[in-house]
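Quick one: this structure, given as structure tokens, is what I'll be asking you about.
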Amino acid sequence: MKENLLAYDVPTLSARFAQWGEKPFRARQVASWIHRRGCDDFEQMTDVAKSLRVALSDRAEIRPPLPIRDETARDGTRKWLFAVDEGNAIETVFIPEEGRGTLCVSTQVGCALDCAFCATGKQGFNRNLTTAEIIGQLWHAKRALGDVRSTGEAGPRVISNVVLMGMGEPLANYENLLPALRLMLDDHAYGLSRRRVTVSTAGIVPAIERLRSDCPVALAVSLHAPTDALRDRLVPINRKYPLAMLMRACRRYLEAAPRDFITFEYALLEGVNDGDEHARQVIRLVADVPCKFNLIPFNPFPGTLYRRPSLDRIRRFQEILMAADIVTTVRKTRGDAIEAACGQLAGRVRDKTRRTLAVLAESPR
Ligand code: SAH
């Protein structure tokens, strides 16, 4: 099979070119054709020498995951379903907002963490996405949205932000995620600033440490509960990396982070974690972590027993945090008519090997 160039970050592509006897600047040129201009045909790379174009066509290709569905909700939210192999499919969501556009990217087929209130978790886990499959979502969405440009061209972007908040736990697929993050930041590829790329994690502490030294992009942490007793139930990975460890990792992360705060995500579940006392416990828990809160009113999916709290309850929870000087936003529910809201991405997961216990048993690096 031909080599898929979407799998390589720019330094790796340069190393590959060196092995083929080509200069590194050629690799940067080709990277920019692929990622900035969304080009998938070597013949069209007109400033690349003919002989190199021919050689590349022989041995390499640009192969993104195959889009098999493309839906747009009334609010402009757009969702793609990509087939990644026989029987497996993943989802990617574009959320347009005033002055910016956010692409929500998946990192795994299903998820092994099994958070109690998440549709992806209920699907079970099949496999990690490859680097090409992760970056391929951005590559395709940019093209589909007409967000391509030539080298040096400035101006507003359609996709201004990327969040790794789709299907899967990004930090459980660290090796494949890292080159994709590097491409998002690379000026010869997507050229996004570190604060506009957000990795969201349920709290894989050793991987938070690695990310801090390898590629400190903005970090969001799915908190959802202020005590270990409750969080053990809602986010089972907490049994392995409890809150004290997680808070320490957050503080350490900020020593290297491009933003001076962690974003805590907190899904509000009626009667479970949405009480005044929970809000007060949250304030104590994060007292020494510079942070913002993003409250996510629970998004229902078929078969769940959880419910979204009333608007009053959501406001009250928000007010308690705000009164403690914690900037707190409530995430707008977008695209729920096409099941594109947080926790609703299910794709299609074959062979749902329940790896939950295996993940919990794995020893920290
Ligand atoms: N695995 C990563 C990335 C997923 S991000 C993580 O846990 O952070 C998706 C966010 O939506 C997470 O904060 C997740 O906990 C939250 N979420 C999952 N199911 C939800 C639901 N049904 N309603 C609202 N938020 C949900």
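LEU145 - would you say it is of a type in the set (A, V, I, L, M, F, W, C), within 16 Å of the ligand (Cβ to nearest atom) and not assigned by TED's automatic domain parsing to the domain that holds ALA31?
So LEU145 fails the test.
Here's another thing I want to ask about it. Mind listing just one residue for me: the one in segment 186-211 that is assigned to a helix (DSSP H, G or I) and surrounded by 20 or more Cβ atoms within 10 Å (Cβ to Cβ) and, of those, farthest from the ligand (Cβ to nearest atom)? If you could, list the steps in order and put the result at the bottom.
Taking segment 186-211 and keeping what is assigned to a helix (DSSP H, G or I), we get 194-196, 205-211.
Add one more test, that the residue is surrounded by 20 or more Cβ atoms within 10 Å (Cβ to Cβ), and what stays is 196, 205, 207-208, 211.
On the way: ARG196: 17, VAL205: 13, ALA207: 11, ILE208: 11, LEU211: 13 Å.
Taking the candidates together, the pick is ARG196.
Here's another thing I want to ask about it. Across segment 70-81, what is the total count of residues that are over 18 Å from GLY146 (Cα atoms) and either in a strand (DSSP E or B) or modelled with pLDDT of 95 or more (or both)?
In the first step, residues of segment 70-81 are kept if they are over 18 Å from GLY146 (Cα atoms); the result is 73-75, 81.
Those left that are additionally either in a strand (DSSP E or B) or modelled with pLDDT of 95 or more (or both): 81.
Within segment 70-81, residues that are over 18 Å from GLY146 (Cα atoms) and either in a strand (DSSP E or B) or modelled with pLDDT of 95 or more (or both) number 1.
Picking from GLU319, GLU265, GLU277, GLU270, which residue would you name as being of a type outside the set (Phe, Trp, Tyr) and crowded, with 18+ Cβ neighbours inside 10 Å?
Numbers: GLU319 fails: crowded, with 18+ Cβ neighbours inside 10 Å; GLU277 fails: crowded, with 18+ Cβ neighbours inside 10 Å; GLU270 fails: crowded, with 18+ Cβ neighbours inside 10 Å.
After ruling out the rest, the residue left standing is GLU265.
Right, SER160: of a type in the set (Gly, Ala, Ser), more than 16 Å from the ligand (Cβ to nearest atom), surrounded by fewer than 20 Cβ atoms within 10 Å (Cβ to Cβ) and farther than 17 Å from ARG196 by Cα or not? Let's see the steps before the verdict.
Details: of a type in the set (Gly, Ala, Ser): yes; more than 16 Å from the ligand (Cβ to nearest atom): yes; surrounded by fewer than 20 Cβ atoms within 10 Å (Cβ to Cβ): yes; farther than 17 Å from ARG196 by Cα: no.
In short, no.
Output the residues belonging to segment 218-236 that are more than 13 Å from the ligand (Cβ to nearest atom) and not in a helix (DSSP H, G or I). If you could, list the steps in order and put the result at the bottom.
Pass one, segment 218-236, residues more than 13 Å from the ligand (Cβ to nearest atom): 226-230, 232-233.
Answer for segment 218-236, where residues must be more than 13 Å from the ligand (Cβ to nearest atom) and not in a helix (DSSP H, G or I): PRO226, THR227.
Continuing with the same structure: Within the bounds of segment 33-44, is there any residue that is without any contact (Cβ under 8 Å) to a residue 40 or more places away in the chain and over 30 Å from the mean Cα position of the chain (by Cα)?
Scanning segment 33-44 turns up at least one residue that is without any contact (Cβ under 8 Å) to a residue 40 or more places away in the chain and over 30 Å from the mean Cα position of the chain (by Cα).
Kindly establish whether ARG280 is touching a residue at least 24 places away in the same chain (Cβ under 8 Å), more than 26 Å from ARG334 (Cβ to Cβ), of a type in the set (Lys, Arg) and in contact with a helix residue (DSSP H, G or I) (Cβ under 8 Å, 6 or more places away or on another chain).
On the way: touching a residue at least 24 places away in the same chain (Cβ under 8 Å): yes; more than 26 Å from ARG334 (Cβ to Cβ): yes; of a type in the set (Lys, Arg): yes; in contact with a helix residue (DSSP H, G or I) (Cβ under 8 Å, 6 or more places away or on another chain): yes.
Spelling it out, ARG280 is indeed touching a residue at least 24 places away in the same chain (Cβ under 8 Å), more than 26 Å from ARG334 (Cβ to Cβ), of a type in the set (Lys, Arg) and in contact with a helix residue (DSSP H, G or I) (Cβ under 8 Å, 6 or more places away or on another chain).
So, in segment 200-250, exactly how many residues are hydroxyl-bearing (Ser, Thr, Tyr) and either free of Cβ contacts under 8 Å to residues at least 24 places away in the same chain or in contact with a Ser or Thr (Cβ under 9 Å, 6 or more places away or on another chain) (or both)?
Here the count works out to 3.
Right, another one. Which residues, taken from segment 45-99, are charged (D, E, K, R), touching a residue at least 12 places away in the same chain (Cβ under 8 Å) and over 30 Å from GLU22 (Cα atoms)?
ARG69, ASP70, GLU71, ARG74, ASP75, ARG78, LYS79, GLU86, GLU91
Would you check if ALA202 is assigned by TED's automatic domain parsing to the domain that holds ILE237 and closer than 27 Å to GLU86 by Cα? Working first, answer last.
Numbers: assigned by TED's automatic domain parsing to the domain that holds ILE237: yes; closer than 27 Å to GLU86 by Cα: no.
No; evaluated as a whole, the condition is false for this residue.
The values are calculated or read from the model by the stated rules, or taken from the named source; none is laboratory data. All values reported here derive from a predicted model rather than from experimental measurement. Here Cβ is always computed from backbone atoms with ideal geometry, including for glycine, and neighbour counts include all displayed protein chains.
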